[in-house]
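Reviewing the structure listed below.
The values are calculated or read from the model by the stated rules, or taken from the named source; none is laboratory data. All values derive from a computational prediction rather than experimental measurement. In this analysis, Cβ positions are derived from the backbone assuming ideal geometry, glycine residues included, and neighbour counts consider all displayed protein chains. Areas reflect the complete protein model, heavy atoms only, side chains present, ligands, DNA and RNA absent. Shrake-Rupley method; radii C 1.70, N 1.55, O 1.52, S 1.80 Å.
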Amino acid sequence: MKKQVLALVAAVSVSTAQIAHANYADRPEVKAMADRLATQGVSRDFVLSAMGEAKRLDSVINAMNRPAERKAWRDYRPIFLKPERAKAAAEFYSVHRNTLHRAEEELGVPVEVILAIIGVETYYGRNKGSFRVIDALATLGLDYPRRAEFFLGELESLFLLGEAESLDPLALKGSYAGAMGYGQFIPSSYLAYSIDFDGDGRRDLLENPVDAIGSVANYLARHGWDANLGIAHPIGSASQFAPELERSIKIQYRGDQLIAADVTGLPNEWADLELDVLGLDGAQGVEYWAVTKNFYAITRYNRSPLYAMAVTQLASEIEKEITP
Ligand SMILES: [Ca+2]
């Protein structure tokens, strides 16, 4: 009997907790955020009323727990390296050719790399995401402890972005991680790295492909893209430089160190370059690549070395597709 009473008490307190969590505006973290935002010109009442409308989405938490980057390279590569994607790139290129070349001239990032990123992120705007950004960020910032700090910061940036660009935080749609538009910028990146590339006075990454193209190039340029460097080159076995496969990129070697260790396949002109060695679990066995600071710049877009290699190889396929 006593046990049953305890069980009943437990059930009541769980349901009370669920009701208390149902309204994000009541959470102390949200009140503190609203106070901070008020000092930066965002109405406290607006933040609290918007957060009162934000919903917790279990689908967002489930999606976070199974990202594609956990696959091995041999399974990851075929998702992105399909001929159809390079063909879609060529169609997008035929419409936005002038903008893409202007971005390459002004920001130094090759046309095919910009195309590869927009292709991997959203298939040229076809899959920009259907989650309400405020719901995704509220769920992860307030009900996903492992990444709460990061996503609460993005939630705060969402309100700053709304203020800066006259966008309604309740209306914006994006991915389960709150990434928006053609290039899938999270709010802090949108604020820091997007540019108005068509000169209409607005930075619109959601509906304006010209701003999106300029902003993807600007993001890479601001993260150290060097127009004079390549991205990646296959090399012979180099396990001593990459004992762990598919690990994070850190520029830590020079080309001549590889040459001195009899690693084959490195281009002569890469002897003086700073680089990293990436080992991948490929379809034909383990493969090794020398990668430059440009490859590292792509990992600032998405930390996964598999992502950066997919972008690199798709860029190469796209280059063949768009070269007359
Ligand atoms: Ca614009």
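Which one of ALA63, ALA34, ALA103, ALA88 is open to solvent by less than 30 Å² (accessible area, probe 1.4 Å), modelled with pLDDT of 95 or more, farther than 24 Å from ILE213 by Cα and in a helix (DSSP H, G or I)?
Answer to the check: ALA34.
Between ILE235, ILE231, which is open to solvent by less than 50 Å² (accessible area, probe 1.4 Å), under 30 Å from ILE259 (Cα atoms), touching a Leu at 6+ places or on another chain (Cβ under 8 Å) and more than 8 Å from the ligand (Cβ to nearest atom)?
Checking each option against the conditions leaves just ILE235.
Give the stretch 283-304 a look and list any residue that's outside any strand (DSSP E or B) and open to solvent by 10 Å² or more (accessible area, probe 1.4 Å), or say none.
Passing the criteria: ALA283, GLN284, LYS293, TYR296, ARG300, TYR301, ASN302, ARG303, SER304.
Among the listed residues ILE134, ILE195, ILE117, identify the single one that is in contact with a Gly (Cβ under 6 Å, 6 or more places away or on another chain) and at pLDDT 95 or above. Give the steps one after another, and end with the answer.
On the way: ILE134 fails: in contact with a Gly (Cβ under 6 Å, 6 or more places away or on another chain); ILE117 fails: in contact with a Gly (Cβ under 6 Å, 6 or more places away or on another chain).
Just a single option satisfies the conditions, and that option is ILE195.
Looking at (1) of a type in the set (A, V, I, L, M); (2) crowded, with 24+ Cβ neighbours inside 10 Å; (3) away from the ligand (no atom under 16 Å from the Cβ), find the lone condition where LEU160 falls short.
(2)
From the list LEU245, LEU258, exactly one residue is free of Cβ contacts under 8 Å to residues at least 40 places away in the same chain and either more than 21 Å from GLU104 (Cα to Cα) or more than 27 Å from the chain's Cα centre (by Cα) (or both). Which is it? Break it down into steps so the answer makes sense when it comes.
Working: LEU245 fails: free of Cβ contacts under 8 Å to residues at least 40 places away in the same chain.
On inspection, the qualifying residue turns out to be LEU258.
Give just the number: which of (1) open to solvent by less than 20 Å² (accessible area, probe 1.4 Å); (2) modelled with pLDDT under 95 does PRO243 not satisfy?
(1)
With (1) assigned to a loop (DSSP other than H, G, I, E, B); (2) more than 16 Å from the ligand (Cβ to nearest atom); (3) open to solvent by 40 Å² or more (accessible area, probe 1.4 Å) as the list, and TRP225 as the residue in question, which single condition is left unmet?
(3)
Going through PHE197, PHE241 one at a time, which residue ends up being among the hydrophobic types (A, V, I, L, M, F, W, C) and under 26 Å from GLY282 (Cβ atoms)?
Of PHE197, PHE241, the one residue that is among the hydrophobic types (A, V, I, L, M, F, W, C) and under 26 Å from GLY282 (Cβ atoms) is PHE241.
Which residue out of VAL263, VAL216 is within 16 Å of the ligand (Cβ to nearest atom), among the β-branched types (Val, Ile, Thr) and open to solvent by less than 30 Å² (accessible area, probe 1.4 Å)?
Within the list VAL263, VAL216, the selection yields VAL216.
If the Cβ limit is 7 Å and pairs must be 6+ apart or interchain, which residue in the stretch 293-316 that is closer than 12 Å to PRO110 by Cβ and touching a residue at least 12 places away in the same chain (Cβ under 8 Å) pairs with which residue that is assigned to a loop (DSSP other than H, G, I, E, B) and among the β-branched types (Val, Ile, Thr)?
Cβ pairs passing all conditions: ASN294/ILE231; THR312/ILE231.
Could you list, ordered by first residue, the pairs with Cβ atoms under 7 Å in which the first is in the stretch 195-224 and at negative phi and the second is more than 7 Å from the ligand (Cβ to nearest atom) and at pLDDT below 95, at least 6 apart or interchain?
These pairs meet every condition: TYR219/TYR301.
Looking at (1) modelled with pLDDT of 95 or more; (2) closer than 30 Å to MET33 by Cα, which is the only condition PRO110 fails?
(2)
Can you run down the residue pairs with Cβ atoms below 8 Å, 6 or more apart or on separate chains, where the first is in the stretch 66-92 and farther than 11 Å from TYR307 by Cβ and the partner is modelled with pLDDT of 95 or more and aromatic (Phe, Trp, Tyr)?
Pairs found: ARG85/TYR123; ALA88/TYR123; ALA88/TYR124; ALA89/TYR124; GLU91/TYR124; PHE92/TYR124.
Please give the number of the condition SER166 fails out of (1) under 22 Å from the mean Cα position of the chain (by Cα); (2) polar (S, T, N, Q); (3) within 16 Å of the ligand (Cβ to nearest atom); (4) on the phi > 0 side of the Ramachandran plot.
With (1) under 22 Å from the mean Cα position of the chain (by Cα); (2) polar (S, T, N, Q); (3) within 16 Å of the ligand (Cβ to nearest atom); (4) on the phi > 0 side of the Ramachandran plot applied to SER166, the lone miss is (1).
Select from the stretch 169-200 the residues that are within 16 Å of the ligand (Cβ to nearest atom) and surrounded by fewer than 24 Cβ atoms within 10 Å (Cβ to Cβ) and write down the one among them that is nearest to TYR307 (Cα to Cα).
Applying the filter and picking the extreme gives TYR193.
Consider the stretch 126-149. How many of its residues are part of a helix (DSSP H, G or I), touching a residue at least 40 places away in the same chain (Cβ under 8 Å) and open to solvent by 40 Å² or more (accessible area, probe 1.4 Å)?
Going through the stretch 126-149 one residue at a time, the tally reaches 1.
Go through the stretch 23-37 residue by residue and tally those that are under 21 Å from ALA171 (Cα atoms) and without any contact (Cβ under 8 Å) to a residue 40 or more places away in the chain.
Number of matching residues: 3.
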